[in-house]
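Everything below concerns the one structure shown next.
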Amino acid sequence: MRHDPESDAARFLGGVMPVEDSHAFSAHLLRCADCWSEIEQARRGRSLAESVRTAASPALRDRVRGLVDADRLDAGDPARRGPRRWLLPVGLPVAAAAAIALIVALASSGTPEPPSLRQAVADYTAERLPGAQLPEQRAPDLTALRLQPVGAGGGSYAGLEVDGFAYLDPAGRRVVLYMSDDPFPEAPGAQQLSGDDGPWVVRRGDVTILCARLPHALLVVGQDDRLVRSTAQALGVL
Amino acid sequence: MDDGDFLDAFTEHLDRLHNLARGLTGSPQDAEDLVSETCLLALRGWRRNPPDDPAAWFATICLNAARSSYRRRAARPVEVTGEDWLLDRADERADTAGSALSSIEVRRVREAVGQLPAPQLEAIALMDLGGYTAAQTARIVGAPRGTVLARVHRGRKVLARALADDREGGR
């Protein structure tokens, strides 16, 4: 047998050495410092690697369960849609009416979308943050909504300094907060939620943008309209 | 075999997948994202054709998703994660029963794993973190069993030396 400490030790520890060779190698180990060292280091390395194993968190288990539930509802097979089917007859005309209302509102206002809002929606859709700068503040705590922070970064949107905070809930729904020291411009066609200076909301494609000017210049962006509004409520701005 | 069967199978292997993903990614958040991506890809594959060996099949999907993610990330702006609030508390709680490593050592082991060449990293993540056998790992990475054993052996030696150097250096 050719003497190759690394290869021999790997085969010995991996249990792929023929029995006779294995017995011979065990005896050889007692008098060969190189082979002994190979075995010792590999065992220590394996022990170190194994010692950092962790159990999956309850949050991850919830997230997996939520993903499977959500995907079952969204799957193309009508049999999998279950309780959502009743939404179709009502939902389609409502969605169509909303789209028409948005087109009419935009056409009548004649105002283009402010670049900062356009960029926020584009980044949300592309799963990007405003930039790589450290945010000036910590991510707001939204654990009451089971939203966990998954990323943060600061940058500039059309001259507006913005910090972005991305969150995911157990079902994989994503919400991003955009915070600035200066107010965001109002979107054309926005619906005022309480008075002219209060928060407003608008839908762009499948994304809801909710802006609250007080106490912070804040955008909440997400695909799930209810989650966006709940987030704003949890932050005390709605 | 419906979605309920899938969920049972996936959650049965979730700890192993979580550890595999944690070894293949740089942060707990990335690991959870990778497991989520694996879950969705596996679910859709499961509906078409449930696998014979779910453990190895989930791991194969996870590894392929991780490899795609490396490529995507290369073309993506860096996301700053404020360590203050995105800290890996699970890592600090350290770990499985019987672990005698401090949180600093756990962090150091993870760093050392992350610095391994990709083939060694994948072998360590699958065998030592995920607990897959050498035969399963060989099928998952598509390499001969002897090659996998050589990779994991070299990776383990690097880890042992890295941590020994730390201790000798008083870190």
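The values are calculated or read from the model by the stated rules, or taken from the named source; none is laboratory data. The model shown is predicted, which means the values in this text are computed figures rather than measured ones. We place every Cβ from the backbone using ideal geometry, glycine too, and count neighbours over all the protein chains shown.
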Check your understanding: Limited to the range B:17-54, what total is found for residues that are crowded, with 19+ Cβ neighbours inside 10 Å, in contact with a helix residue (DSSP H, G or I) (Cβ under 7 Å, 6 or more places away or on another chain) and in a helix (DSSP H, G or I)?
Key -> 21
Point to revise | Residue check for A:ASP169: without any contact (Cβ under 8 Å) to a residue 60 or more places away in the chain and either surrounded by fewer than 21 Cβ atoms within 10 Å (Cβ to Cβ) or not β-branched (Val, Ile, Thr) (or both) | key: no
Exercise for review: Might you let me know whether the range A:192-215 holds any residue that is hydroxyl-bearing (Ser, Thr, Tyr) and in contact with a strand residue (DSSP E or B) (Cβ under 9 Å, 6 or more places away or on another chain)?
Suggested key: yes
Revision key, fill the gap. Across (1) at pLDDT below 85; (2) over 26 Å from A:LEU60 (Cβ atoms); (3) not hydroxyl-bearing (Ser, Thr, Tyr), A:ARG138 clears everything bar (2)
Practice item. Name the one entry in A:VAL228, A:VAL237, A:VAL201 that is of a type in the set (A, V, I, L, M), in contact with a Leu (Cβ under 9 Å, 6 or more places away or on another chain) and in a loop (DSSP other than H, G, I, E, B). Key: A:VAL237
Practice item. For the range B:1-12, enumerate the residues that are at the interface with another protein chain (Cβ under 10 Å from one of its Cβ atoms) and in contact (Cβ under 8 Å) with a residue 24 or more places away in the chain. Key: B:ASP3, B:PHE6, B:PHE10
Review point. Among the basic types (Lys, Arg), touching a helix residue (DSSP H, G or I) at 6+ places or on another chain (Cβ under 8 Å), within 29 Å of A:LEU168 (Cβ to Cβ) and at pLDDT below 90, is that true of A:ARG63?
Key: yes
Study note, to complete from the structure: Per the filter on the range A:143-164, residues within 14 Å of the chain's Cα centre (by Cα) and under 19 Å from A:ARG63 (Cα atoms) are A:ARG146, A:LEU147, A:GLN148, A:PRO149, A:VAL150, A:GLY151
Revision key, fill the gap. Among residues of the range A:113-138 being within 8 Å of another protein chain (Cβ to nearest Cβ) and touching a Gly at 6+ places or on another chain (Cβ under 7 Å), the residue surrounded by the most Cβ atoms within 10 Å (Cβ to Cβ) is A:LEU129
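Yes or no, residue by residue, for (1) surrounded by 15 or more Cβ atoms within 10 Å (Cβ to Cβ); (2) more than 29 Å from B:SER27 (Cβ to Cβ); (3) of a type outside the set (Asp, Glu):
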| residue | (1), (2), (3) |
| --- | --- |
| A:GLU161 | yes, no, no |
| A:PRO188 | yes, yes, yes |
| A:SER194 | no, yes, yes |
| A:ASP197 | no, yes, no |
| A:ASP206 | no, no, no |
| A:GLY222 | yes, no, yes |
| A:GLY236 | no, yes, yes |
Check your understanding: When you go through (1) at pLDDT below 85; (2) more than 23 Å from B:ASP2 (Cβ to Cβ) one by one for A:ALA49, which number turns out not to apply?
Key -> (1)
Practice item. Return yes when A:ASP4 is acidic (Asp, Glu), in contact with a helix residue (DSSP H, G or I) (Cβ under 6 Å, 6 or more places away or on another chain) and at pLDDT 90 or above and no when it is not. Key: no
Exercise for review: Look at the range B:113-166 and say how many of its residues are closer than 18 Å to A:LEU13 by Cα, among the basic types (Lys, Arg) and either away from every other protein chain (no Cβ under 11 Å) or not in a helix (DSSP H, G or I) (or both).
Suggested key: 0
Exercise for review: Sort out which residues of the range A:18-56 are in contact with a His (Cβ under 8 Å, 6 or more places away or on another chain), buried (at least 19 other Cβ atoms within 10 Å of the Cβ) and within 7 Å of another protein chain (Cβ to nearest Cβ), and write them in order of number.
Suggested key: A:ALA42, A:THR54, A:ALA56
Practice item. Would you mind telling me which numbered condition in (1) surrounded by 19 or more Cβ atoms within 10 Å (Cβ to Cβ); (2) facing chain B (nearest Cβ under 9 Å) A:ASP8 fails? Key: (2)
